[in-house]
Every structure is written in structure tokens, then in C-alpha cells.
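Readers should treat all values here as calculations from the given coordinates under stated rules, not as data from a laboratory. This is a predicted model, so every value here is computed, not measured. In this analysis, Cβ positions are derived from the backbone assuming ideal geometry, glycine residues included, and neighbour counts consider all displayed protein chains.
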Amino acid sequence: MNNLSVDHLIGIKDLSKQDIELILKTADSFKQVINRPIKKVPSLRDITIANLFFENSTRTKLSFELAEKRLSADVINFAASGSSVKKGETLIDTVNNILAMKVDLVVMRHPNPGAAKFLSERINARVVNAGDGTHEHPTQALLDAYSIREKHGDDFTGKK
């Protein structure tokens with residue numbers, strides 16, 4: 001089975017051990033891809049991803065966009081600073097307007113804890129939490145786990 005047990009990547013606590021192992025194993029194969037002369041693969045061809053950033057970010061935003069493009073996804077970037085959010089449009093209205101463009105997946109960074117979970121319960125698309133305030137940044141936690149695994153092996157027991 002090559003599917004996660006969850007529809008959305010909101011937090012680490014939602015992932016099973018098998019989910020995390022699958023993500024890390026998949027990352028191994030993509031790490032090989034980025035070290036090749038041709039760094040693009042068709043894994044997400046015909047998938048449209050909207051990167052919704054409601055707070056400033058450089059590294060996270062660029063990392064997601066680069067990964068999405070290397071996986072051949074169509075990418076839409078949204079920054080709240082130049083949008084109708086500044087005129088009072090709600091999060092749900094903003095995202096539904098974007099989803100009307102046939103978006104399959106939403107990557108969202110938001111200053112409010114729980115915003116990604118809130119959104120995942122109200123829209124018809126998959127959601128990846130790219131950081132929600134002081135709450136959680138699950139992709140960063142997975143990257144940390146990947147780095148620990150590379151240095152210390154698969155057994156995370158007792159590692160901090």
C-alpha cells in the first residue's frame with residue numbers, strides 16, 4: 001500500500017508510523033532525483049497546487065514551489081498582501097475563489113494556530129500545513145526526521 005492514512009498533512013500527530021516511514025522512503029527516491037542533471041519528474045503532472053501564504057516566508061515558500069515544479073505540478077502562488085483579504089474577504093471565500101480554478105491541493109502558511117485544520121474541514125481539496133503560527137510546521141518536522149535518520153539510522157527511540 002502506497003497511500004497515507006490521512007487526506008491532509010495538518011500535523012505530525014495525525015500521521016501513523018507507517019505514514020512517516022512511507023514519506024521518508026519516498027523522500028529517499030526524490031533525493032536521488034535532485035542530484036541528477038535533469039531534476040524534473042512527472043510525478044504530479046496534471047495536478048494543480050495553490051501555495052497560499054498569509055504571512056511572509058522565504059525558505060518555506062521557495063522550497064514548496066521548487067519541489068512542486070520539479071515534480072511537474074502546475075503551481076499558483078498567492079500572497080495575502082496583494083489580495084482581497086486586505087479588503088476583508090474571509091479565508092474560506094478566498095480559498096473557494098482559488099479552488100474554482102480547479103486546484104487539487106492547497107499548501108497554506110497562516111499566522112493563526114489551527115488555520116490549516118480549519119480549512120481542511122471546509123473545502124473540497126487536500127491541504128498541506130506549511131506552518132500555522134506557533135502551532136506546527138509538519139513538513140519541517142518531517143525534514144528534521146529525515147536528517148536524523150540519515151545521520152543516526154531508522155531507530156528514533158530516545159532521540160530528541
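Return the subset of Lys17/Lys39; Lys13/Lys69; Lys39/Lys160; Lys40/Lys151 for which the Cα-Cα distance in this structure is over 31 Å, preserving the input order.
Working: Lys17/Lys39 29 Å; Lys13/Lys69 28 Å; Lys39/Lys160 33 Å; Lys40/Lys151 27 Å.
Table pairs above 31 Å Cα-Cα are Lys39/Lys160.
So, with +1 on the Cβ of K and R and -1 on the Cβ of D and E, and no other charges, what is the size of the charge dipole of the chain about its Cα centre, to the nearest 20 debye? Numbers along the way, then the final one.
Values: 23 positive and 20 negative charges, 99 e Å.
Rounded to the nearest 20 debye, it is 480 debye.
Would you be so kind as to identify which of Ser16, Ala141, Val127 lies farthest towards the positive end of the dipole of the chain, taking Lys and Arg as +1 and Asp and Glu as -1 on Cβ and the Cα centre as origin?
Ala141
Just want the ordering: Phe53, Phe30, from fewest to most Cβ atoms lying within 10 Å of their own Cβ.
Details: Phe53 20, Phe30 14.
Neighbour counts put them in this order, fewest first: Phe30, Phe53.
Please compute the net charge surrounding Phe64, taking Lys and Arg as +1 and Asp and Glu as -1 over other residues with Cβ under 13 Å from its Cβ. Walk me through the numbers before you get to the answer.
Numbers: positive: Arg59, Lys61, Lys69, Arg70, Arg109; negative: Glu65, Glu68.
Counting the neighbours of Phe64, the net charge comes to +3.
Which whole-number percent is the relative contact order of the chain (Cα, under 8 Å, 6+ apart)? List each step's numbers first, then the result.
Numbers: 212 pairs, mean separation 37.7, N = 160.
This gives 24 percent for the chain.
Please list the non-local residues whose amide H lies under 5 Å from the amide H of Ile76, H modeled 1.01 Å from N, same-chain partners needing a gap of 5 or more.
Close amide H contacts, sequence-distant or interchain: Ile49, Ala50, Asn51.
Determine, for each peptide in 114-122, 18-26, the mean count of other beta carbons within 10 angstrom over its residues, then list the peptides with the highest first.
Result, highest mean first: 114-122, 18-26.
Round to the nearest 0.05 the FRET efficiency obtained for Arg36 and Thr134 when R0 = 41 Å and r is the Cβ-Cβ distance.
Details: r = 38 Å, r/R0 = 0.92.
According to the calculation, E is roughly 0.60.
Rounding to the nearest 10 and keeping the result within 0 to 90°, find how far the Cα-based axis of helix 138-152 lies from the longest principal axis of the chain.
On a 0 to 90 degree scale, this one is about 10.
Give me Thr139, Thr157 sorted ascending by neighbouring Cβ count inside 10 Å, so fewest comes first. Walk me through the numbers before you get to the answer.
Numbers: Thr139 20, Thr157 5.
Ascending number of Cβ neighbours within 10 Å: Thr157, Thr139.
Per residue of the stretch 21-26, what does 6.51 cos²θ - 1.76 cosθ + 1.60 with θ = phi - 60° give for ³J(HN,Hα)? Whole Hz please, x for Gly and Pro, Karplus curve as stated.
Taking θ as phi minus 60°, the curve returns 4, 5, 4, 5, 5, 5 Hz for the stretch 21-26.
Evaluate E = 1/(1 + (r/R0)^6) for Ala100 and Ser43, where r is the Cβ-Cβ distance and R0 equals 22 Å; express this FRET efficiency to the nearest 0.05.
Numbers: r = 25 Å, r/R0 = 1.15.
That pair, Ala100 with Ser43, gives E of 0.30.
For Ile76, what is the net charge nearby, where nearby means another residue's Cβ is under 14 Å from its Cβ and Lys, Arg count +1, Asp, Glu -1?
Numbers: positive: Lys61, Lys69, Lys102; negative: Glu65, Glu68, Asp74, Asp104.
Counting the neighbours of Ile76, the net charge comes to -1.
Calculate I(q)/I(0) for the chain by the Debye formula, one identical point scatterer on each C-alpha and no solvent, and give its log10 at q = 0.13, 0.14, 0.17 Å⁻¹ to two decimals.
-0.65, -0.76, -1.10
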